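**Student:** Can you read through this structure? Questions will come right after.
The values are calculated or read from the model by the stated rules, or taken from the named source; none is laboratory data. Since we're looking at a predicted model, the values are computed, not measured. When we count neighbours, we look across all protein chains shown, and the Cβ atoms used for this are built from the backbone with ideal geometry, even at glycine.
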C-alpha cells in the first residue's frame, strides 16, 4: 500500500520517527488515511496540523507523556478531542488581535464556529471551532480571548508592553496556500507539506522578553494573562476523549499523578472533564536592573473529557455532544493558576 498523505506530511513536519509514534498513538479516521498525492484534502491537512501540535504538548508536558506511554503499552489509542489556546483581544504588535490570529487559519482548513462561551469570572470569552467534514473525528479548537479592558489601567499598560514586540509568523506563502485550500478544498502534497510547518509556527509565543515586574503585575489580576505572557499562543492543553473520566481520574490518582481533585460536569450532564495540573517550566524574565533571571511558572497541561450522546430533539439528530460548558472551562483553566 502506498504511504498515506497524512504520514507524508507528518514525516516532513516532525520527522519519520515521531511521525510513526504519532500514527501508533493516535486514533485516526480511515477517511484521513488516503494515498493521493495529487489532492490532499483540507481535512487531511487539518489532521496533520493537529497531530503535530499534540506532539508539542507531549514534549512540554511530562505528565501527559507518561500517560500516553501507558496507553501505548496497553495497546490503546488517544482520541484527540480538542486543543485549547489563549489569545488577547488587544493591540498585539504585528500579530492580529485575539482569535483572528487563528480563525484566519482554521476557517480555510474547514472549521466553523460551534459555540461561544462567556468566561466572565476570568475576563475571557471562549469559542469552539469544529471541522465541517469530520466533526466527531478531527479535534476541535477551543480559542479563548482575554479582555484587558475588564481589568485595571495598570494591568492594561502591562499587557501593552508585553505584546508590543509580537511578530506575525504567518508568511505570504502560507497566506496564499490557505487562500487556495479555502477556495478549492485541497492542495497538492508538495504544497500541503510546505504549509503545515508554517502553521505550526503560529502556535508559539510571538512576543519577546517579558519584564519580571510586568509579569508579577499581570499575575495579581489574571493568572491567564500571566500564562500568556510566558507561553504565548502555544496549546494551553490538549484533551483526550475517554469512555469514563471518573474511572480514569481515580486510576491516575492511584498512580500518584497530579490530577484535578474533582471532575467538572456540564449543566447538561453530558460533558465531563478533568485534567492533570500544569507541569512547571522555567522561563526567562528581565528584572529591574536589566538582568535576565529565571523563574518557575505553570506550563501547559493534559486534559481528559467524556462526551455522552445528545438525544434527538425537534429538528436535531442524535449524536455525540460536541459542545463545551463555561463552568467546566473556567474550572479547567485553574490548572495553570499556580505550579
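**Student:** Quick check on region 278-303: of everything there that is assigned to a strand (DSSP E or B) and touching a helix residue (DSSP H, G or I) at 6+ places or on another chain (Cβ under 6 Å), which residue is farthest from residue 80 (Cα to Cα)?
**Tutor:** If we take residues in region 278-303 being assigned to a strand (DSSP E or B) and touching a helix residue (DSSP H, G or I) at 6+ places or on another chain (Cβ under 6 Å), then 285 is farthest from residue 80 (Cα to Cα).
**Student:** Then there's this: Residue 217 passes all but one of (1) buried (at least 19 other Cβ atoms within 10 Å of the Cβ); (2) within 22 Å of the chain's Cα centre (by Cα); (3) touching a residue at least 60 places away in the same chain (Cβ under 8 Å); which number fails?
**Tutor:** For residue 217, the exception is condition (2).
**Student:** Restricting attention to region 169-193, which residues are assigned to a helix (DSSP H, G or I) and buried (at least 18 other Cβ atoms within 10 Å of the Cβ)?
**Tutor:** Listed by number, the residues that qualify are 174, 177, 178, 181, 189, 192, 193.
**Student:** Considering only residues that are in contact (Cβ under 8 Å) with a residue 60 or more places away in the chain, within 20 Å of residue 82 (Cβ to Cβ), in contact with a strand residue (DSSP E or B) (Cβ under 9 Å, 6 or more places away or on another chain) and in a loop (DSSP other than H, G, I, E, B), which ones fall in region 255-276?
**Tutor:** Of everything in region 255-276, those that are in contact (Cβ under 8 Å) with a residue 60 or more places away in the chain, within 20 Å of residue 82 (Cβ to Cβ), in contact with a strand residue (DSSP E or B) (Cβ under 9 Å, 6 or more places away or on another chain) and in a loop (DSSP other than H, G, I, E, B) turn out to be 260, 266.
**Student:** Considering every residue within region 235-247, establish whether at least one is surrounded by fewer than 14 Cβ atoms within 10 Å (Cβ to Cβ), under 20 Å from the mean Cα position of the chain (by Cα) and under 28 Å from residue 334 (Cα atoms).
**Tutor:** Within region 235-247 (the criterion being surrounded by fewer than 14 Cβ atoms within 10 Å (Cβ to Cβ), under 20 Å from the mean Cα position of the chain (by Cα) and under 28 Å from residue 334 (Cα atoms)), the answer is no, since none of the residues qualifies.
**Student:** Right, something else. Being surrounded by 13 or more Cβ atoms within 10 Å (Cβ to Cβ), at negative phi and at pLDDT below 95 is true for just one of 266, 222. Which residue is that?
**Tutor:** After applying the criteria, what remains is 266.
**Student:** Show the residue pairs meeting these rules: Cβ distance below 7 Å; 6+ apart or different chains; first residue within region 170-184 and touching a residue at least 60 places away in the same chain (Cβ under 8 Å); second residue outside any loop (DSSP other than H, G, I, E, B).
**Tutor:** Final answer for the pair search is 178/105; 181/42; 181/45; 181/187.
**Student:** Right, next: Of these, 72, 57, which one is surrounded by 22 or more Cβ atoms within 10 Å (Cβ to Cβ) and either under 13 Å from the mean Cα position of the chain (by Cα) or not in a loop (DSSP other than H, G, I, E, B) (or both)?
**Tutor:** 57
**Student:** Could you identify the single residue in 66, 17 that is out of contact with any strand residue (DSSP E or B) (no Cβ under 6 Å at 6 or more places or on another chain) and closer than 22 Å to residue 244 by Cβ?
**Tutor:** 66
**Student:** Considering (1) surrounded by 16 or more Cβ atoms within 10 Å (Cβ to Cβ); (2) not in a helix (DSSP H, G or I), say which one residue 165 fails and leave the rest.
**Tutor:** (1)
**Student:** Does residue 44 count as surrounded by 15 or more Cβ atoms within 10 Å (Cβ to Cβ), modelled with pLDDT of 95 or more, in contact with a helix residue (DSSP H, G or I) (Cβ under 7 Å, 6 or more places away or on another chain) and in a helix (DSSP H, G or I)?
**Tutor:** Yes; evaluated as a whole, the condition is true for this residue.
**Student:** Kindly provide the set of residues from region 79-94 that are crowded, with 18+ Cβ neighbours inside 10 Å, over 18 Å from the mean Cα position of the chain (by Cα) and modelled with pLDDT of 95 or more, ordered by number.
**Tutor:** 90 - this is the single residue of region 79-94 that is crowded, with 18+ Cβ neighbours inside 10 Å, over 18 Å from the mean Cα position of the chain (by Cα) and modelled with pLDDT of 95 or more.
**Student:** Answer yes or no as to whether residue 261 is farther than 21 Å from residue 78 by Cβ, surrounded by fewer than 19 Cβ atoms within 10 Å (Cβ to Cβ) and more than 21 Å from the chain's Cα centre (by Cα).
**Tutor:** yes
**Student:** Let me ask something else. Being surrounded by 16 or more Cβ atoms within 10 Å (Cβ to Cβ) and either within 20 Å of residue 97 (Cβ to Cβ) or modelled with pLDDT under 95 (or both) narrows it down to one residue among 198, 157, 140, 206; which is it?
**Tutor:** 206
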